[in-house]
Structure formats: structure tokens, C-alpha cells
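The values are calculated or read from the model by the stated rules, or taken from the named source; none is laboratory data. Everything numeric here is computed off the predicted structure, so don't read it as measured data. Note that we place each Cβ from the backbone using ideal geometry, even for glycine, and neighbour counts take in every protein chain shown.
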Amino acid sequence: MKAKALQGGEFLIRETNANDIFIPEEFDEEQLMIAQTCNDFLSAEIYHLTEKIDSHEDLSLMPGVMKKAGELGILGVSIPEEYGGFGQNFVTSMLASDIMGGGNSFSVAFSAHTGIGSLPILYYGTEEQKQKYLPFLATGEKLGAYCLTEPGAGSDANSGTTKAVLSEDGKHWILNGQKMWITNGGFADVYTVFAKIDNDRVLSAFIVERGYEGLSLGAEEHKMGIKGSSTVQVFFNDCKVPVENLLGKRGEGFRIALNILNLGRIKLGANVIGASKRVITTSVNYANERKQFRALLSTFPAIKFKLAEQVIRAFANESTVYRISKNIEDSVEMYINEGLDKGTASVDAQRDFAIEAALIKVYGSEMLDYVVDEGVQIHGGMGYSAETDIETMYRDSRINRIFEGTNEINRMVVSDTMIKKGMKKAIALLPAAEEVWKEMANLPSKPAFSSDYHERNQQYIKNFKKATLMVTKLAIDKLGQKIAGEQEILFNLADMMMQLYVAESAALRVEKMDKNFNKHNISVYKDILDALQYESGQIIYKAGLDAITYLEPEETQSEFINALLHFTSVKPVNLVQARRNIADKLIDDNKYNFSTY
């Protein structure tokens, strides 16, 4: 790996140069054409049908629009050309997921099909399996689903009880069991199903077709949101699956499930970009039309605050998603150059960045929940009416904090994986933390900040990392092996890691924009960054303080608290004016227009 390339988790201990990251302003003409195709598809085929799709009065609507997406090639963006797809790179596949994220229930069906419904076969299938299924999945002639969750096995997926035994003639696996919350389950043609063979401790995976004997479906679930997505239970009663439909090796199913979850988490981070932009545009459209006290809502400072905060968080999430997307893409290319096939290279690259995948999922889903909540508030009473788009968006958002592993699980993945990497010396976490502890004894009375804007932001990020390393070492020293059970502390550490990574991603993007793209209005992007950095310092400080006051006796807390305060300090800026500047641009444009696509 090149010296400059970061491995998963190394963002905490190493610096990144702005020129080494990818930002949305760098999309090429082909990528922008794909984005436009996706936008045009949503406008022509989805938005006007949202209410009908959600009503489930015509169950043919969703598979119908999915097949139309397949005809345009949108379902095959990630599938190689030899299997009927477009064979685009990881960044481009994320761009398609980003745009499609604005499609309400359709975005869920799209994401399930193009991600967990297709990619297990692409990554783990035999050549025969790929040739048999992928061309049809790429074109939408067949639609995919993924059957992992069971009534007694949610977050603890490996506790599932669905069983598979070999038939007497050795030609079929006989499946018995029940799966629930299966997205696309009601209309899928191809299911990736997880079950335990005989008395195995771990899962295996199987490709199951809709017409196989012994497969049956439950009724459509009635849900709070994403009502138009098909969600059913799937039952297997002596379901006969050809032996050649074992996906991967026996006992490899749990690893397949975990690796596909990494991809799902990253893709969710992209989905919420498109959703958040649509919500923000809907919010500012309403604020620019609705009058109260003989003035437009968009003229009130309180509304400007809400609009600006929506933009700040969405911009930060977008910056983070495309940074990690390019990191993964580069890692895929590295593995291919080392001799791995693309499927294996893709799996290994995504697994390497499991920490970043989990934190992106958490930040993105919570960002969107904030954005839609404030969108409803901007609409006032109308926001609570089922006649408005914002009401649908509000309900549809809530599932994202549960999808792809709950945010609680993902927070523990972030901190637990980072600590394990450090303890195994996969990354130099502990040496970096020890250096911070040495520095604590000689900190100046107050931090000195550079007069150069970008250097100053780099200082903030370095200090945020020091704060996180300091508290992480304290937790490891005090708790040792017991840390896995101290979930609140793991949450504290995860929030610190997450916030500094997001802040760093936005800072690097703004710096690269400023130095390479000659943005005439770069000042508004600096306003976004100023507000984000200030809030990041506050979040990291609080999370660190909560951990310190639990881990350290009261009489010895002051050294850590003083250091924490030092490391999370940022130079005061006029945040009231900064937010007004951001809101004014949004109001003038009457849409989210802080990206080039």
C-alpha cells in the first residue's frame, strides 16, 4: 500500500492531505450523466406515484418501476459488463445510491435489490451462479431479496434456527425455517437465504428461487414508514434447493452476512444524501412560499437557523461518504493489483473499512432524522398532514437508524473494532495515545491558533484526534477486557471518533475546493465548516467528559478534563452570521445547491 494511503481506522492516528481525498466536485462527465439519468427517472416514474405505491392497492407498481429502472441500466451500475451490467467503479455506484435515496419507498427496494439482493452472488457466487443470475438481476428481469433476520434472531444473526439438510439422493438441500422483515420479499424472484447445515454453529448461504417447492410468503407488513416497500415473512417448509445453489462454502454464511452488512452501511450513508437534499429543497420551497405575520417564513432568523443546520449536516455527511468511497475504491484496485479477483478485492476492501462504514451509517441516519424533523417544524401544522411530502419523508426516515444493524450496534462496532485493531497492533493506536499522554503534562495555558484558515482547521482536527486518543487509552487502561461490556463508554468513544472523522472530511473538502476549484463563493463553504467545527468540539468534549467522569476518580479527573478542554477548543467565530449566510444562499437558490450534481 502506498505510504499516503490510509488503512481502515487509521484516520484516528494519521493526517490526511486534502489532495488525497475525493470530493463530489470532481465527478466526471460520465458520472454526472448517470446522476442525471437517476434524477430524471425519479421525476418521471416515482415522485407522482409515491402515494399509490405506499397504498399497496396495486402490488404490481413497485416491481413494475423496478423493471423500468433495469431497462435504463440503473440496476446494473455495479455489475460487471460480462454479466450484463455497466461495470462502474465504487464511487459511481455510491453516486447512484445517493440520487436514488430521494425516492422514498422506491429507494429501499432499489437499495435492497442492487445491494444485498445481488452482490452476495457477485462476490461469492461460482462462475455458473453468476452467469445464471446476474444478467437477469442487472436488467431487472429478476428481482432480488436477502433473507437473514428471523423472529428470534435480529442483531444476533448467527442465532438463527433455519436449518438445511442434504436430501437422501444428495441432489438438494432441504430448508426448514422462517425469515422476517424481508425487503422485496413479496415480489422477489431470487432470495439469498441463510441457514445452518445440520448442527453447524455458523450459517451457510443458499440461492433460492421463487418457484422452488416449499417456499411460501406471508402477508405484506403494515409499517410506520417506507410503506410502499414490500416487507414479508418468508417460510421454508421442506423447501428443495439444488445442491449447486450453495453460495460460497459451507459455514461461510455468517462471514458473507457480515461483509454484506458493511456494504449496506456504506450504501445507506449514500442513500440519505439524496433523501436529505430532497427534504431541504422541500423545506426551503415551503419557507419561500408561506407567509406569517405578512412576511415569508424564509425571512425569519429562527427559520434561517433551521435551514442552515440542515445544510451543514447534509454537507458534512456527503463529504464523508465520498471520502470513504474513494478510499474503498483505491483499496479494491490495490487488491486487484496484488492478484485478487474483483469480487474478493471488493469484499476485502469493504471489510478493511468496517469502522468507517459503521460510523457513516450512524452519522448519516441521525443526520437525516434531524433534517426531516426540522423540515416538519418549518412546515408547521402542514408538516403533520398526510397530504404533504414532508410527512412521508419524516416517517420514511426513521427506519434508517435500525436498518443494517441498529445505531447502538454500529456505535459498538466503531469503538470495539478500533480498540481491537489497536490491541492487535494492526494500527499504531496505543503508541499514538501514549504520545498524547506525554503531551498532556506540558500543555500551554490556552491553545494558539494559526492565522491561516486551513492550517487552523488542521489544528482543530489534530486536537480532536488527541482528545479521542487520550480518552481511548484511559478506557483501555481502566477497563481492560471488561470494556466490551461497558456500552456507554463504547458509545462515548464512538461519538468522538465519528464526529472528528466527519469534521475532518468536511475540512479536507473545503480546503480542496478552495485551492483547486476557485469557488467564487467559497466563503459560504467556510461558514459551513466553521459551524461544523464549533459543534464538533462541543460534541467531542461532552462525550469525552462523560467517559472521564466515569473512568477516573474525582480527585484525579482535573488533568484529563483540562486536557480535554484544550484539545476541543476552537477559535470563536460569528456563528449567527455564518448560519444566516448559509441560509441566504439556500433561500436565493430555492433548492439545495451546495454540490455540483
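With part of a helix (DSSP H, G or I), at pLDDT below 95 and farther than 17 Å from LEU307 by Cα as the only criterion, which of SER365, SER346 stands out? The match here is SER346.
Of all the listed residues (GLU45, GLU29), the sole one being surrounded by fewer than 13 Cβ atoms within 10 Å (Cβ to Cβ), more than 24 Å from the chain's Cα centre (by Cα) and over 24 Å from ILE336 (Cβ atoms) is GLU29. Only one of the listed residues (LEU469, LEU474) is in contact with a Phe, Trp or Tyr (Cβ under 7 Å, 6 or more places away or on another chain) and modelled with pLDDT of 95 or more. That residue is LEU474. Pairing residues of the stretch 168-194 that are in the same structural domain as PRO151 (by TED's automatic domain parsing) and part of a strand (DSSP E or B) with residues that are among the basic types (Lys, Arg) and surrounded by 24 or more Cβ atoms within 10 Å (Cβ to Cβ), at Cβ distances under 8 Å and at least 6 apart in sequence or on separate chains, gives VAL193/LYS179. Counting residues in the stretch 392-399 that are surrounded by 14 or more Cβ atoms within 10 Å (Cβ to Cβ), at pLDDT below 95 and not small (Gly, Ala, Ser) gives zero.
Test of understanding: among GLU10, GLU29, which residue is in contact (Cβ under 8 Å) with a residue 40 or more places away in the chain and of a type in the set (D, E, K, R)? One residue alone meets the criteria, GLU10.
A quick yes/no check of all residues on (1) crowded, with 17+ Cβ neighbours inside 10 Å; (2) in the same structural domain as ASP330 (by TED's automatic domain parsing); (3) β-branched (Val, Ile, Thr):
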| residue | (1), (2), (3) |
| --- | --- |
| GLY64 | no, no, no |
| ILE74 | yes, no, yes |
| GLN88 | yes, no, no |
| THR92 | yes, no, yes |
| ALA96 | yes, no, no |
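Does ILE182 count as of a type in the set (A, V, I, L, M, F, W, C), at pLDDT 95 or above and in contact with a Cys (Cβ under 6 Å, 6 or more places away or on another chain)? Taking the combined requirement at face value, the residue satisfies it.
All conditions but one from (1) buried (at least 20 other Cβ atoms within 10 Å of the Cβ); (2) under 29 Å from LYS67 (Cβ atoms) apply to GLY177; the one that does not is (2).
Across the stretch 124-171, the qualifying residues are those that are at pLDDT below 95 and among the β-branched types (Val, Ile, Thr), and the one among them that is surrounded by the fewest Cβ atoms within 10 Å (Cβ to Cβ) is THR161. Going by the structure shown, is GLU289 in contact with a strand residue (DSSP E or B) (Cβ under 9 Å, 6 or more places away or on another chain) and not assigned by TED's automatic domain parsing to the domain that holds VAL321? Criteria not met by GLU289. The residue that is farthest from ASN593 (Cα to Cα), counting only those in the stretch 515-545 that are surrounded by 19 or more Cβ atoms within 10 Å (Cβ to Cβ) and of a type in the set (S, T, N, Q), is SER536.
When the residues of the stretch 476-488 are filtered to those that are under 27 Å from the mean Cα position of the chain (by Cα) and in a helix (DSSP H, G or I), the one that is farthest from ALA507 (Cα to Cα) is GLY485. Reported count of residues in the stretch 201-243, each being part of a strand (DSSP E or B) and under 14 Å from LEU175 (Cβ atoms), is 17. Inspection of the stretch 510-518 identifies no residue that is charged (D, E, K, R), without any contact (Cβ under 8 Å) to a residue 40 or more places away in the chain and over 29 Å from SER298 (Cβ atoms). Just so you know, in the stretch 110-138 the residues that are part of a helix (DSSP H, G or I) and touching a strand residue (DSSP E or B) at 6+ places or on another chain (Cβ under 7 Å) include one that is farthest from VAL272 (Cα to Cα), and it is GLN129. Hey, among the residues in the stretch 204-263 that are β-branched (Val, Ile, Thr), farther than 21 Å from LYS361 by Cα and out of contact with any Pro (no Cβ under 9 Å at 6 or more places or on another chain), which one's surrounded by the fewest Cβ atoms within 10 Å (Cβ to Cβ)? The residue in question is VAL243. If only residues of the stretch 268-294 that are modelled with pLDDT under 95 and among the charged types (D, E, K, R) are counted, the one that is nearest to VAL91 (Cα to Cα) is ARG290.
Applying the condition of being free of Cβ contacts under 8 Å to residues at least 40 places away in the same chain and among the aliphatic types (A, V, I, L, M) to the stretch 305-348 and asking which residue is surrounded by the most Cβ atoms within 10 Å (Cβ to Cβ) yields ALA345.
Taken as a whole, the condition of being farther than 26 Å from MET412 by Cβ, assigned to a helix (DSSP H, G or I) and either of a type in the set (A, V, I, L, M, F, W, C) or more than 25 Å from the chain's Cα centre (by Cα) (or both) applies to ALA507. Counting the residues of the stretch 368-393 that are under 22 Å from the mean Cα position of the chain (by Cα), in contact (Cβ under 8 Å) with a residue 60 or more places away in the chain and closer than 22 Å to SER298 by Cα gives 8.
Of all the numbered requirements in (1) at pLDDT 95 or above; (2) surrounded by fewer than 23 Cβ atoms within 10 Å (Cβ to Cβ); (3) of a type in the set (A, V, I, L, M), ALA441 misses one, and that requirement is (1). Inspection of the stretch 13-20 finds no residue satisfying the criterion of being within 20 Å of the chain's Cα centre (by Cα) and in contact (Cβ under 8 Å) with a residue 24 or more places away in the chain. Listed by first and then second residue, the pairs linking a residue in the stretch 280-304 that is under 15 Å from VAL376 (Cα atoms) to a residue that is crowded, with 22+ Cβ neighbours inside 10 Å and of a type in the set (Lys, Arg), with Cβ atoms under 7 Å apart and 6 or more places separating them unless they lie on different chains, are LYS304/ARG579. Annotation note: Cβ proximity below 7 Å between a residue of the stretch 578-597 that is over 18 Å from VAL510 (Cβ atoms) and a residue that is among the hydroxyl-bearing types (Ser, Thr, Tyr) (sequence gap 6+ or interchain) occurs for ILE587/SER298; LYS591/THR281.
A quick yes/no check of all residues on (1) surrounded by fewer than 15 Cβ atoms within 10 Å (Cβ to Cβ); (2) under 25 Å from ALA354 (Cα atoms); (3) not assigned by TED's automatic domain parsing to the domain that holds ALA308:
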site: ALA448; (1), (2), (3): yes, no, yes
site: GLN459; (1), (2), (3): no, no, yes
site: PHE464; (1), (2), (3): no, yes, yes
site: ASN492; (1), (2), (3): no, yes, yes
site: MET497; (1), (2), (3): no, yes, yes
site: MET513; (1), (2), (3): no, no, yes
